[in-house]
Each structure stands twice: as C-alpha cells, then as structure tokens.
Amino acid sequence: MNPNEQQPQGDTSLNLTYEQFQEQQRQRREQEMIEGRMALQRAGADSSSEKVRGLVNTMQELVQELSMTENQIQVQADAQLRQLRKLKERASSIEAEVRASLGGSAPH
C-alpha cells in the first residue's frame with residue numbers, strides 16, 4: 001500500500017477506541033450543526049429568525065412538559081378517587097354490620 005494513500009473510512013473506525021469514536025462522532029455532529037447554520041444564513045435566515053425558532057422549540061418543550069404533568073396529576077387524582085371509593089364502601093359495610101348487630105333498630 002502506498003504510504004500517501006488513505007485507508008478507507010471503515011478501516012480507521014475499527015482501530016479507534018470507544019472514546020475516540022465518541023469524540024469523532026461529537027465533532028462530526030458539531031461540524032454538521034455549523035454547516036447547517038451557515039446554510040440557513042445563506043438561505044436568508046438571520047439571527048432573529050434563529051432566536052424565534054429557538055423560542056418556538058422551547059415553547060413546544062414546555063407544552064409537552066405541561067401535558068405530561070397534567071397526565072401525572074390526572075393519574076394521581078384517579079388513584080385518590082379509587083381510594084376514597086374503597087373507604088366509602090368499607091364504611092358502608094361496617095355500618096351495615098353495626099345495624100345488623102343492633103337488630104336493625106338503629107335510626108336512619
């Protein structure tokens with residue numbers, strides 16, 4: 001093999017440690033983000049539209065978090081309602097036993 005020739009991409013990745021591979025992937029993602037920003041700017045996107053996009057993303061995340069919290073509260077409320085119903089049933093059952101043991105003469 002000629003020393004000036006480069007190894008194919010797949011062969012080099014096999015010789016990397018996990019940390020080196022992770023760093024290479026991080027650098028690749030970072031480079032892609034930079035290139036993406038540059039492409040947006042070339043296409044006419046300015047920093048204010050980038051800020052708006054960031055705010056929209058933040059709002060979407062907030063809406064999703066609110067929805068998850070709402071679901072969590074609903075689940076907790078449903079569980080507490082089930083617990084209340086069980087307690088009422090238990091109280092009614094005990095009341096019926098007391099009435100039966102008193103011969104049914106207890107006033108309503």
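The values are calculated or read from the model by the stated rules, or taken from the named source; none is laboratory data. Note that this is a predicted model, so its numbers are computed, not measured. FYI the Cβ positions are ideal-geometry reconstructions off the backbone, even for glycines, and counts take in every protein chain you see.
Looking at Glu50, Glu70, just one residue is among the charged types (D, E, K, R), modelled with pLDDT of 90 or more and assigned to a helix (DSSP H, G or I), and that residue is Glu70.
A quick yes/no check of all residues on (1) in a helix (DSSP H, G or I); (2) β-branched (Val, Ile, Thr); (3) touching a strand residue (DSSP E or B) at 6+ places or on another chain (Cβ under 8 Å):
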residue: Leu16; (1), (2), (3): no, no, no
residue: Glu61; (1), (2), (3): yes, no, no
residue: Leu66; (1), (2), (3): yes, no, no
residue: Val75; (1), (2), (3): yes, yes, no
residue: Asp78; (1), (2), (3): yes, no, no
residue: Lys88; (1), (2), (3): yes, no, no
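One residue is enough: does the stretch 47-62 have a residue meeting the conditions more than 27 Å from the chain's Cα centre (by Cα), within 19 Å of Gly36 (Cβ to Cβ) and not aliphatic (A, V, I, L, M)? Looking through the stretch 47-62, at least one residue is more than 27 Å from the chain's Cα centre (by Cα), within 19 Å of Gly36 (Cβ to Cβ) and not aliphatic (A, V, I, L, M).
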